[in-house]
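Right, one structure below, let's go through it.
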Amino acid sequence: MTHTVTRTALTAFGAVGAVGVATAVWGVAVERYLFTVREHTLPLLPAGSPDLRILHVSDAHMAPWQHRKQQWMAALVDLHPDLVINTGDNLGHADGLVGIRRAFAPLRGIPGFFVHGSNDHVAPSPRNPLKYFTGPSRHQPKAESIDADALDAFLVDDLGWTDLNNAAGVVEAAGIRVAGFGVSDAHRQWDRLDSLPAAITATESTDAALHVGVTHAPYRRVLDRFIDLGADAIFAGHTHGGQVRVPGYGALVANCDIPLRQARGLSAWEHGGRAVPLNVSAGLGHSIYAPVRFACRPEASLLVLTARG
């Protein structure tokens, strides 16, 4: 009897171990390369407006050797976006701008908005992944600096995108006047929400057909303030969708205070009697020190905004 129980236990442990190994192999060797586009249609524009195709990209965490990701991102131009919204963490290595140039070059001349994540300023560092279950991650004081000015020069001067880091701006896309406002990485307390009203007023954007709020990290304080400031839609990244999700359950962590059910995809954020579309991108990459995704494919989003009614 004892031998039978022992064999059963060993078989069970072996099966669990085999599943764990298979899961790890899939997440490391396969799924993190299965890039996908999530598409949504939202009736947000004034009656009679043409459709507006918004490409939302986030969290590339680019390293120079990631050629497969660079090629896939470069092909996003084939979606024919009218406006690009980039919610930060473009860089994942001190030399990541080399790859970002290759990835975004085809989008040159298409209007865009962008904000920073912390990894647009500092390189990633090794971390214990179990600490994410204890709350949002903390700053690593010895992290290597990244040349954020060079990144911004490429995004602004070369691509022609508008910097919304604690700032506001207006662009014209597909004949539609779009006003944007945003903050730098709220995860690092770089957001300056009190400065936004004056920045918005300076843009003279009250006649814009669409107002969007853009943030890297979707902290509740930022989302609530964006609604107060009149956002018609909000775009965010940072969460990686949980990066490792449980099928049928979802994200286990979000690395901020957003509800886990809203850590990926399109949902509605409610505040002050308004419900505003919120798109949280699961992102295109991962830290080079945590090269895994499971039940959470790397993604970009295409939101087609149509006329109301």
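Tabulated data for the structure shown
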| quantity | calculated |
| --- | --- |
| The range 195-309 shape via C-alpha gyration tensor axes, a/c threshold 1.5 | prolate |
| Using distinct alpha-carbon pairs, which all enter the 1/r mean, Kirkwood radius of the chain in Å | 20.0 Å |
| Residue-wise HN-Hα coupling along the range 294-309, computed from phi with Karplus coefficients 6.51, -1.76, 1.60 (Hz; x: Gly, Pro) | 9, 6, 7, 5, x, 8, 10, 10, 10, 10, 9, 8, 10, 6, 5, x |
| Point-to-point label distance, residue 144-residue 157, nm (Cα→Cβ direction, 7 Å offset) | 2.4 nm |
| 5 angstrom amide H check on residue 36, placed H, neighbours 5+ away | 299, 300 |
| Nearest-ten-degree value, helix 2-25 long axis tilted from longest Cα axis of the chain | 30 degrees |
| Relative contact order for the chain, counting Cα pairs under 8 Å that sit 6 or more residues apart, in percent | 26 percent |
| Solvent exposure of the range 165-206 as accessible area per residue, Å², 1.4 Å probe | 44 Å² |
| Residues residue 79 and residue 271, FRET efficiency given R0 of 35 Å [Cβ-Cβ distance, rounded to 0.05] | 0.70 |
| HN-Hα J in Hz across the range 233-249 - Karplus 6.51, -1.76, 1.60, θ = phi - 60°, x for Gly and Pro | 7, 10, 10, 8, x, 6, 6, 6, x, x, 6, 10, 10, 9, x, x, 10 |
| Environment charge of residue 274, counting only residues whose C-beta is closer than 12 Å and scoring Lys/Arg +1, Asp/Glu -1 | -4 |
| Residue-wise HN-Hα coupling along the range 173-183, computed from phi with Karplus coefficients 6.51, -1.76, 1.60 (Hz; x: Gly, Pro) | 9, 6, x, 10, 7, 10, 9, x, 9, x, 9 |
| Where labels lie 7 Å past Cα in the beta-carbon direction, separation of residue 260 and residue 204 in nm | 5.0 nm |
| Formal net charge of residues neighbouring residue 299 (Cβ-Cβ distance under 11 Å; K, R +1; D, E -1) | +2 |
| Counting DSSP beta bridges with both ends in the chain, the antiparallel % (nearest 5) | 40 percent |
| Residues in the range 24-49 that a label on residue 249 would reach, taking backbone N under 17 Å of a point 7 Å out along Cα→Cβ | 24 |
| Helix-only CD estimate at 222 nm, as mean residue ellipticity for the chain, using -39500 (n - 2.57) per DSSP H run (n ≥ 4) | -6000 deg cm²/dmol |
| Shape category assigned to the range 50-128 from the gyration tensor of Cα positions, a/c cut at 1.5 | prolate |
| Length-normalised contact order for the range 158-296 - Cα pairs under 8 Å, 6+ apart - percent | 19 percent |
| Sequence-distant residues sharing a close amide H with residue 42 (under 5 Å, placed H) | 304, 305, 306 |
| Net charge dipole size for the chain [Lys, Arg +1 and Asp, Glu -1 on Cβ; Debye, nearest 20] | 1380 debye |
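The values are calculated or read from the model by the stated rules, or taken from the named source; none is laboratory data. As the structure is a prediction and not an experimental result, all values here were calculated from the model. All Cβ positions, glycine included, derive from the backbone under ideal geometry; neighbour counts span all protein chains shown. Areas reflect the complete protein model, heavy atoms only, side chains present, ligands, DNA and RNA absent. Shrake-Rupley method; radii C 1.70, N 1.55, O 1.52, S 1.80 Å.
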